[in-house]
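Participant: Sharing a structure here in structure tokens format.
The values are calculated or read from the model by the stated rules, or taken from the named source; none is laboratory data. These numbers come from a predicted model, not from an experiment. We place every Cβ from the backbone using ideal geometry, glycine too, and count neighbours over all the protein chains shown. Surface areas here come from the heavy atoms of the whole protein model, side chains and all, with no ligands, DNA or RNA. Shrake-Rupley method; radii C 1.70, N 1.55, O 1.52, S 1.80 Å.
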Amino acid sequence: ILTSPNGYLYSVFQAVTNGDQPSGIAVFQIDPTSGALNLHSDAAAIHFNEQSIAINPAGTFLFDGWGLTSGGIESTPILSDGSAIPPSSPDAISLAGSNSPPSAMLVDGSGELLYVQQGGQMAAYVIAPSTGTLSASGVVPPFDLKLGNAIADPVEPFVYTLQSDQVHVFEIVDFTNGTVVESNGSPYPIPIGSFGLTITHNSSSAPPAQHAAELVPLSM
């Protein structure tokens, strides 16, 4: 489950045995005053055994992963009404065997990279800025993704992961392929029994430029 900056909530649904719940990603419009949710019907990616979703920071592309012993991942443009119906011939990436299912996803703060937990290993994908199309970079990041255990800094090139009661800090050093290195001083111990991470920031854009001091009025 996640929210977009444009006022929509997305939730992964998997089909249930009685047939009352279809598989897919549900989209809810969030009432800005009350927080109430209004459901769109069949408004997002629809695959059997949907597993994971992610959204880029701009809220323009939805990424979803599906499958059990085989599956795939894809990107879909998000329309103005919050819907994200896959095109009739989606440019999906097929996964099978040890690469499936894609159980967790994370988009970095720049919106240029998608990290995916594919079965027992990680993978990094480069996101095309105009179309959202994914390209496998071949980089295997040195961390694992689980639901709630990783977060991307919205401004700086850092990814934080929670592993064995320690927070690891990774810096993205190459945006062309998603390479990361662990920062000096990492990992940092936290209280035993912690199960999730979140991050707050007072800016949704790049840090402001430096300003020089100025005398007013100008000295004579």
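Participant: Hey, could you check segment 70-120 for residues that are of a type in the set (Val, Ile, Thr) and not in a strand (DSSP E or B) and say which is modelled with the lowest pLDDT?
Facilitator: Ile85
Participant: Please specify each residue of segment 141-161 satisfying the condition of being in a loop (DSSP other than H, G, I, E, B) and closer than 15 Å to Val173 by Cβ. Please lay out each step first, then the result.
Facilitator: We begin by selecting, within segment 141-161, every residue in a loop (DSSP other than H, G, I, E, B); these are 141-149, 153-157.
Once the filter is applied, which keeps residues that are in a loop (DSSP other than H, G, I, E, B) and closer than 15 Å to Val173 by Cβ, segment 141-161 yields Pro141, Pro142, Phe143, Asp153, Glu156, Pro157.
Participant: Name the one entry in Gly111, Gly97 that is in contact with a Pro (Cβ under 8 Å, 6 or more places away or on another chain) and of a type in the set (Gly, Ala, Ser).
Facilitator: Checking each option against the conditions leaves just Gly111.
Participant: Here is a check on your reading of the model: is Asp31 of a type in the set (Asp, Glu), open to solvent by 20 Å² or more (accessible area, probe 1.4 Å) and out of contact with any His (no Cβ under 7 Å at 6 or more places or on another chain)?
Facilitator: When the stated conditions are applied, Asp31 passes them.
Participant: Could you please give the count of residues in segment 123-157 that are hydrophobic (A, V, I, L, M, F, W, C) and surrounded by fewer than 18 Cβ atoms within 10 Å (Cβ to Cβ)?
Facilitator: Final tally of qualifying residues: 5.
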